[in-house]
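Have a look at the structure below before the remarks.
Readers should treat all values here as calculations from the given coordinates under stated rules, not as data from a laboratory. Being a predicted model, the structure only gives us computed values, none of them experimental. Glycine also receives a Cβ, built like all others from the backbone with ideal geometry; neighbour counts cover every protein chain displayed.
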Amino acid sequence: MIMAMAGSAVGLGNIWRFPYMVGEHGGAAFIIIYIICCLLVSLPVFFAEATIGKATRKDTFGAMEAIAPDGRFKNVGYIAIVSSFIILSFYSVVGGWSFDYLLRSCAGGFSGKSITEAREVFAGMGSSVLENVGCMLVFLGLTAGIVAGGVEKGIGLFSKISMPVLLVMMIVIASVSLTLPGSKEGVAYLVRPDFSKLNGAAIAAALGQSFFSLSLGVGTILTYSSYMHEDEGIIAAGSWTAFFDTCFALIAGFAIMPAVFAAGIEPSAGPSLVFETLPVIFSRMGVVLPVVFFLAILIAALSSSISLLEVVVAWLVEQKHTTRPRAALLVFVFAAVLGTACALVPKVFNTCDFISSNVLMMAGALIFSMIVGWIMPRETVLQHIRSRFIYGLIRYAAPVMIVAIAVTNLL
Ligand code: PHE
């Protein structure tokens with residue numbers, strides 16, 4: 001399950017948000033803050049969520065019932081399932097774009113294009129209902145297909161194969177990118193420490209990013225942990241996932257920013273970086289590089305989306321006694337509806353993104369850490385995490401920091 005957890009963590013968040021955030025918020029100074037946030041807050045939340053999963057061996061909803069049979073936390077289970085579903089829906093739209101761009105790159109669709117032309121291609125894809133929705137459905141279908149294959153033979157197998165392949169692909173892109181003339185500026189953008197940019201907003205950004213990147217607060221880590229083998233430890237699983245996720249984010253930074261600076265372009269975050277700037281820059285280096293790049297994004301997105309779909313499927317299988325393939329199909333159908341709305345109406349897309357990343361995830365992370373820190377018996381928790389220090393972080397540091405960040409964001 002550790003590979004599957006790493007797969008859930010490594011995703012679009014690492015590729016299109018992390019490199020830009022690093023540059024925006026002070027380079028190496030931000031990386032240091034990011035790592036501190038990871039160690040003191042996000043990792044303890046990860047351990048808390050995983051403890052709930054491994055101790056109860058249930059889906060998100062069942063776990064909440066097992067902890068409080070009087071039904072006190074029933075709604076928490078529902079919130080997590082709904083957040084996973086919402087993230088899955090808008091995530092699939094971007095997954096669909098990656099699929100679309102993979103096909104375009106295979107056909108050499110970006111060679112000789114300028115950034116302005118690439119911008120038109122992206123806008124054209126957005127306004128073509130058939131292409132936009134069709135590709136989203138293909139992505140969602142692939143996700144549901146893997147999940148229907150089962151925990152070991154579907155999710156586990158996909159993660160075991162895809163993670164090493166993904167790592168190699170990103171290292172190849174980074175090596176090419178770092179040898180381009182003018183790439184040094186991009187390296188400087190990522191590593192030059194500028195401590196003057198470190199303020200409350202930067203810390204909030206670091207924490208929010210590490211929650212999203214480690215897939216916390218929506219039940220994915222909880223659900224995967226419920227499938228862990230007895231001899232797989234929570235501390236090892238969390239530490240490896242965070243290590244792999246952070247390394248991957250840094251490699252993605254070195255794959256992307258040097259190329260962007262070598263082409264003399266101002267970096268940005270989100271769709272415009274990945275779907276407008278990079279295809280043009282990479283296709284100047286031949287047809288292979290854009291194909292590798294979009295295949296990497298597609299794999300990274302899939303390994304995350306399967307974990308989101310699994311949260312809902314696990315609930316349907318365990319609580320509603322549906323068969324796994326039928327549950328996967330059902331989630332596919334509902335997510336296709338919300339996904340279509342996200343694909344066609346940017347406002348729906350942005351609202352889903354905002355509510356899930358800024359509200360639901362934070363709430364989920366807060367509640368999971370409070371449940372483990374204050375509700376579950378201390379001995380049960382210590383059996384799994386074996387460290388009083390980490391227990392203290394879960395009990396005090398994580399909730400205090402989450403509330404502080406939420407207040408900072410509100411202000
Ligand atoms: N961690 C994934 C990423 O970085 C996104 C994600 C969030 C996946 C929450 C599952 C749950 O892209």
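Take every Cα pair under 8 Å whose residues are at least 6 apart in sequence, average their separation, divide by the length of the chain, and the relative contact order is 38 percent. Placing unit charges on the Cβ atoms only, positive for Lys and Arg and negative for Asp and Glu, gives the range 316-411 a dipole magnitude near 200 debye about its Cα centre. For the chain, the longest principal axis of the alpha carbon atoms and the long axis of helix 43-56 meet at an angle near 50°. On a 0 to 90° scale, report how tilted helix 234-262 is relative to the longest principal axis of the chain, with both axes built from alpha carbons and the result rounded to the nearest 10. The angle comes out near 20 degrees. Compactness of the range 2-410, taken as the C-alpha radius of gyration over 2.2 N^0.38 Å, stands at 0.95. For the range 101-185, the Cα-based Rg and Dmax, in that order, read 17.4, 47 Å.
Pairs to check: Lys153/Lys184; Lys160/Lys320; Lys113/Lys153. Give those whose C-alpha atoms are more than 32 Å from each other in this structure. List each step's numbers first, then the result.
Values: Lys153/Lys184 43 Å; Lys160/Lys320 29 Å; Lys113/Lys153 42 Å.
Table pairs above 32 Å Cα-Cα are Lys153/Lys184; Lys113/Lys153.
Sequentially through the range 386-397, phi angles give Karplus couplings (6.51, -1.76, 1.60; θ = phi - 60°) of 6, 8, 5, 4, 5, 4, x, 5, 5, 6, 10, 4 Hz, Gly and Pro residues having no value and appearing as x.
Sort 327-340, 182-195, 395-408, 37-50 for me by packing, meaning the mean count of neighbouring Cβ atoms within 10 Å per residue, highest on top. Walk me through the numbers before you get to the answer.
Details: 327-340: 19.8, 182-195: 16.1, 395-408: 17.7, 37-50: 26.1.
Top to bottom by mean Cβ count within 10 Å: 37-50, 327-340, 395-408, 182-195.
Summing +1 for each Lys or Arg and -1 for each Asp or Glu among the other residues whose beta-carbon sits under 14 angstrom from that of Tyr189 gives -1. Ordering Thr51, Thr116 from the fewest to the most neighbouring beta carbons within 10 Å gives Thr116, Thr51.
Just the number: Rg to Rh for the range 1-141, Cα atoms, Kirkwood Rh, two decimals.
Working: Rg = 20.1 Å, Rh = 18.7 Å.
Rg/Rh: 1.08.
Tally Lys and Arg at +1 and Asp and Glu at -1 over the other residues with C-beta under 14 Å from the C-beta of Asp59: what net charge comes out? Walk me through the numbers before you get to the answer.
Details: positive: Lys54, Arg57, Lys58, Lys74, Lys320, Arg324; negative: Glu49, Glu65, Glu310, Glu318.
Counting the neighbours of Asp59, the net charge comes to +2.
If you average 1/r over every pair of different alpha-carbon atoms in the range 222-342 and take one over that average, what Kirkwood value in Å do you get? Present the calculation step by step, with values, prior to reporting the outcome.
On the way: mean 1/r = 0.0568 Å⁻¹.
The Cα-based Kirkwood calculation yields 17.6 Å.
Can you give the net charge of the other residues whose Cβ lies under 14 Å from the Cβ of Leu214, counting K and R as +1 and D and E as -1? Mind showing how you got there, number by number?
Numbers: positive: Arg17; negative: Glu49, Asp245.
Taking every other residue near Leu214 into account, the sum is -1.
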